[in-house]
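The values are calculated or read from the model by the stated rules, or taken from the named source; none is laboratory data. In this text the structure is predicted, and so the values were computed from the model without any measurement. When we count neighbours, we look across all protein chains shown, and the Cβ atoms used for this are built from the backbone with ideal geometry, even at glycine. Heavy atoms of the whole protein, side chains included, go into the accessibility calculation; ligands, DNA and RNA do not. Shrake-Rupley method; radii C 1.70, N 1.55, O 1.52, S 1.80 Å.
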Amino acid sequence: QVQLVESGGGLVQAGDSLRLSCVASGRTFNSYSMGWFRQAPGEEREFVAGIGWIKTITYYADSVKGRFAITRDNAKNAVYLQMTGLKPEDTAVYYCAASSVGGTNSRVYDYWGQGTQVTVSS
């Protein structure tokens, strides 16, 4: 069992930066691939970024490539999402998730956090 708790969301202006954090409980954190997803009002949840248990494997949605960076610190059981150049269309609830296989499909993620709101004003 893995429990995930996100933090770091908030209200920012377009062009600003934010760093989301997700801390996991459980001793097997470093065996999971981690992902960030987001869901805007009235929209389906979408993949944002993922990182393998090997830190060098990262992948991003085209909409955030070059602006967002996902990293993990296995010693701290944490995964981060550094967001720069934020746009109003990035406004959503952001969720971190853990998967034994990884990927961009939310269905393969077994554990989810409660989400943190990111609002970007124009």
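Looking at the chain alone, DSSP beta bridges between its own residues are antiparallel in about 90 percent of cases. When only alpha carbons are used to place a centre, the stretch 86-100 and the stretch 4-18 end up 10 Å from one another. Please turn the phi angles of the stretch 36-51 into ³J(HN,Hα) values with the Karplus equation 6.51 cos²θ - 1.76 cosθ + 1.60 (θ = phi - 60°), one per residue in order, whole Hz, x for glycine and proline. Karplus values, whole Hz, x for Gly and Pro: 10, 10, 9, 9, 8, x, x, 10, 7, 5, 10, 5, 10, 7, x, 9. Translational diffusion of the stretch 60-114 was estimated from the Stokes-Einstein equation, with Rh taken as the Kirkwood radius over Cα pairs; at 4 °C and 1.567 mPa s the coefficient is 102 µm²/s.
The Rg/Rh ratio of the chain, with Rg taken over Cα atoms and Rh as the Kirkwood radius over Cα pairs, comes to 0.94.
In terms of accessible area, using a 1.4 Å probe and ignoring ligands and nucleic acids, Leu11, Leu20 rank largest first as Leu11, Leu20. Projecting the Cα atoms of Ala75, Cys22, Tyr111 onto the charge dipole of the chain, computed from C-beta unit charges around the Cα centre, puts Ala75 farthest toward the positive end.
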